[in-house]
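I am attaching a structure below and will ask some questions about it afterwards.
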């Protein structure tokens, strides 16, 4: 059982020992720290925070603890109830709120939950802000409100519909072309809030949704990370239903993956590539993804005359670089689409609408669409570390070894070769080094990863 405190929030397993798991006391402690920080940042008479959750079994309990803690600090709460991460992000500025909290552990199994923290723009906190909240949580510097100054909770369960309104109002979402195409799509909502939001979006676009695991009861029918090995039921359903394609999201609906009409994975890395291809064809500009994402985005961007840049891993880093480079679209290779025209956050609803617009425009099968993009293959491996190992020294040695290649060191070490790349970085949450590679074939990607692993072991003498 685990409790992980990081700059992006707090996550852990439900139950167990205080300080070692996400217990009610830990939820209150960190919600208090966030509320105190928020009041310090925005010095005014009244404060408001938007709170929503995915469908995890523990969600209602954790949400009630968090909301009433904020009430005890004199902060007013807008309770979205069952919601999605991007919906809460959209709601924060629409409510003119001071921040937001999403109760979700993303793709982690059902025993996990987390507090994800947002600023007044509905964007994730930066490193300095997150560190300050962790500092407050470990201090006694928390003063709660008296009985006449308590906050109030207001329920508003219309925001998924309002979020969909905002998506449908985007100029690049071609509602008529999508409706005319009469698509049939299978949706795997992993029994969380994607089972609410995605079918509603599809229906309003004139798409016929076939629901698979769309009951938001928190009992995930398979591992909730949207990877090929977890999606055999979706694959079978797409073929059986003669659907145009399949959609799967993670429990909080910020990651998006597609299944083609043959029941084959479109490729989580290629969700962003496809959406970017469409956006760039209509609004030429620049793109950003993180350093562990496919090179295909760079190729597509340059094909449209734009410039591609890679950020350190982490949504907040992608967003920062997108703003700096005026990127028209960006995101992460795990199926996270960030479309600034709506908001700076990964959003599966926006991704679905853009993908459908592209498909309606191209008038081609999803498998043919995938074949039209540059083809790369990725290997994702890791090395378990022994205690006391100098990880920074190992990465420095690899940097020196490949100094003659195109190197980036803003997040571990990334080595760009002419037709492949490798990214080495230490995990913030596990005693491992992650080794991601990409090459023109799976064999080449795996071979490169094994070669680098051997070199690391030789350097580390393990």
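Tally up the residues in region 198-212 that are in contact (Cβ under 8 Å) with a residue 40 or more places away in the chain and in contact with a strand residue (DSSP E or B) (Cβ under 8 Å, 6 or more places away or on another chain), please. Break it down stepwise before answering.
Residues of region 198-212 in contact (Cβ under 8 Å) with a residue 40 or more places away in the chain: 198, 200-202, 204-205, 207.
Cutting the leftovers down to in contact with a strand residue (DSSP E or B) (Cβ under 8 Å, 6 or more places away or on another chain) gives us 198, 202, 207.
Residues meeting the conditions: 3.
Restricting to region 179-190, count the residues that are surrounded by fewer than 23 Cβ atoms within 10 Å (Cβ to Cβ) and either in contact with a strand residue (DSSP E or B) (Cβ under 9 Å, 6 or more places away or on another chain) or touching a residue at least 40 places away in the same chain (Cβ under 8 Å) (or both). Outline the logic, then answer.
Applying the first criterion (surrounded by fewer than 23 Cβ atoms within 10 Å (Cβ to Cβ)) to region 179-190 yields 179-184.
The next check asks that each one be either in contact with a strand residue (DSSP E or B) (Cβ under 9 Å, 6 or more places away or on another chain) or touching a residue at least 40 places away in the same chain (Cβ under 8 Å) (or both); those that pass are 180-184.
Of the residues in that region, 5 qualify.
Sticking with this one: Any idea which of 236, 268 is buried (at least 17 other Cβ atoms within 10 Å of the Cβ) and not assigned by TED's automatic domain parsing to the domain that holds residue 59? Spell out the reasoning first.
Values: 236 fails: buried (at least 17 other Cβ atoms within 10 Å of the Cβ).
The unique qualifying residue is 268.
Could you please find all residues in region 211-250 being touching a helix residue (DSSP H, G or I) at 6+ places or on another chain (Cβ under 7 Å), part of a loop (DSSP other than H, G, I, E, B) and more than 30 Å from residue 61 (Cα to Cα)?
Hit for region 211-250 is 244, nothing else.
Kindly list, by first and then second residue, each pair from a residue in region 315-327 that is under 13 Å from residue 291 (Cβ atoms) and not assigned by TED's automatic domain parsing to the domain that holds residue 345 to a residue that is at pLDDT below 95 and surrounded by fewer than 23 Cβ atoms within 10 Å (Cβ to Cβ), limited to pairs with Cβ atoms under 9 Å and residues at least 6 apart or on different chains.
none
Does region 164-172 contain at least one residue that is crowded, with 17+ Cβ neighbours inside 10 Å, touching a strand residue (DSSP E or B) at 6+ places or on another chain (Cβ under 6 Å) and within 30 Å of residue 278 (Cβ to Cβ)?
Scanning region 164-172 turns up no residue that is crowded, with 17+ Cβ neighbours inside 10 Å, touching a strand residue (DSSP E or B) at 6+ places or on another chain (Cβ under 6 Å) and within 30 Å of residue 278 (Cβ to Cβ).
To keep it simple, each residue is scored yes or no on (1) out of contact with any helix residue (DSSP H, G or I) (no Cβ under 7 Å at 6 or more places or on another chain); (2) at negative phi; (3) buried (at least 18 other Cβ atoms within 10 Å of the Cβ).
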{"position": "346", "(1), (2), (3)": "no, yes, yes"}
{"position": "359", "(1), (2), (3)": "no, yes, yes"}
{"position": "374", "(1), (2), (3)": "no, yes, no"}
{"position": "387", "(1), (2), (3)": "yes, yes, no"}
{"position": "390", "(1), (2), (3)": "yes, yes, no"}
{"position": "396", "(1), (2), (3)": "yes, yes, no"}
{"position": "408", "(1), (2), (3)": "yes, yes, no"}
{"position": "413", "(1), (2), (3)": "no, yes, yes"}
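Which residues, taken from region 282-314, are without any contact (Cβ under 8 Å) to a residue 40 or more places away in the chain, assigned to a loop (DSSP other than H, G, I, E, B) and in contact with a strand residue (DSSP E or B) (Cβ under 7 Å, 6 or more places away or on another chain)?
Hits for region 282-314 are 306, 307.
Identify, from the list 256, 227, the residue that is under 19 Å from the mean Cα position of the chain (by Cα) and modelled with pLDDT of 95 or more.
Details: 227 fails: modelled with pLDDT of 95 or more.
Matching residue, one of 256, 227: 256.
So which residues in region 280-293 are surrounded by fewer than 24 Cβ atoms within 10 Å (Cβ to Cβ) and in contact with a helix residue (DSSP H, G or I) (Cβ under 7 Å, 6 or more places away or on another chain), if there are any at all?
Correct list: 280, 286, 290.
Would you be able to say whether some residue in region 418-427 is in contact (Cβ under 8 Å) with a residue 60 or more places away in the chain, part of a loop (DSSP other than H, G, I, E, B) and surrounded by fewer than 19 Cβ atoms within 10 Å (Cβ to Cβ)?
Kept after step one, since they are in contact (Cβ under 8 Å) with a residue 60 or more places away in the chain, are these residues of region 418-427: 421, 423, 425.
Next, only the ones that are part of a loop (DSSP other than H, G, I, E, B) stay: none.
The answer is no; no qualifying residue exists.
Looking only at region 432-462, count every residue that is more than 18 Å from residue 293 (Cβ to Cβ), within 27 Å of the chain's Cα centre (by Cα) and not in a loop (DSSP other than H, G, I, E, B) and tell me the total.
Selection size over region 432-462: 3.
Take residue 455 and tell me if it is surrounded by 12 or more Cβ atoms within 10 Å (Cβ to Cβ), modelled with pLDDT of 95 or more, more than 30 Å from residue 173 (Cα to Cα) and outside the structural domain of residue 267 (by TED's automatic domain parsing).
Numbers: surrounded by 12 or more Cβ atoms within 10 Å (Cβ to Cβ): yes; modelled with pLDDT of 95 or more: no; more than 30 Å from residue 173 (Cα to Cα): yes; outside the structural domain of residue 267 (by TED's automatic domain parsing): yes.
It is false that residue 455 is surrounded by 12 or more Cβ atoms within 10 Å (Cβ to Cβ), modelled with pLDDT of 95 or more, more than 30 Å from residue 173 (Cα to Cα) and outside the structural domain of residue 267 (by TED's automatic domain parsing).
If you don't mind, another one. Yes or no: residue 380 modelled with pLDDT under 95 and either in a strand (DSSP E or B) or out of contact with any strand residue (DSSP E or B) (no Cβ under 6 Å at 6 or more places or on another chain) (or both)?
Details: modelled with pLDDT under 95: yes; either in a strand (DSSP E or B) or out of contact with any strand residue (DSSP E or B) (no Cβ under 6 Å at 6 or more places or on another chain) (or both): yes.
Considered against the rule, which asks whether it is modelled with pLDDT under 95 and either in a strand (DSSP E or B) or out of contact with any strand residue (DSSP E or B) (no Cβ under 6 Å at 6 or more places or on another chain) (or both), residue 380 comes out as yes.
Could you please find all residues in region 259-284 being modelled with pLDDT of 95 or more and closer than 23 Å to residue 191 by Cα?
259, 260, 261, 263, 264, 265, 266, 271
For the structure I just gave you, tell me whether residue 277 is assigned by TED's automatic domain parsing to the domain that holds residue 188, outside any loop (DSSP other than H, G, I, E, B), surrounded by fewer than 20 Cβ atoms within 10 Å (Cβ to Cβ) and touching a residue at least 12 places away in the same chain (Cβ under 8 Å). Walk me through how you get there before you give the answer.
On the way: assigned by TED's automatic domain parsing to the domain that holds residue 188: yes; outside any loop (DSSP other than H, G, I, E, B): yes; surrounded by fewer than 20 Cβ atoms within 10 Å (Cβ to Cβ): no; touching a residue at least 12 places away in the same chain (Cβ under 8 Å): yes.
So residue 277 does not fit the description; no.
Let me ask something else about it. Mind telling me which of the residues 99, 81 ends up being at pLDDT 95 or above, in contact with a helix residue (DSSP H, G or I) (Cβ under 9 Å, 6 or more places away or on another chain) and surrounded by fewer than 24 Cβ atoms within 10 Å (Cβ to Cβ)? Steps first, answer last, please.
Numbers: 99 fails: surrounded by fewer than 24 Cβ atoms within 10 Å (Cβ to Cβ).
Unique residue meeting the criteria: 81.
Right, here's the next one. Any residue in region 325-335 that is under 30 Å from residue 457 (Cβ atoms), in contact with a strand residue (DSSP E or B) (Cβ under 6 Å, 6 or more places away or on another chain) and outside any loop (DSSP other than H, G, I, E, B)?
Taking every residue of region 325-335 in turn, at least one turns out to be under 30 Å from residue 457 (Cβ atoms), in contact with a strand residue (DSSP E or B) (Cβ under 6 Å, 6 or more places away or on another chain) and outside any loop (DSSP other than H, G, I, E, B).
The values are calculated or read from the model by the stated rules, or taken from the named source; none is laboratory data. The structure presented is a predicted model; accordingly, all values stated were derived computationally and were not measured. Because the Cβ atoms are built from the backbone with ideal geometry, glycine has one as well, and the counts that use them run over all protein chains shown.
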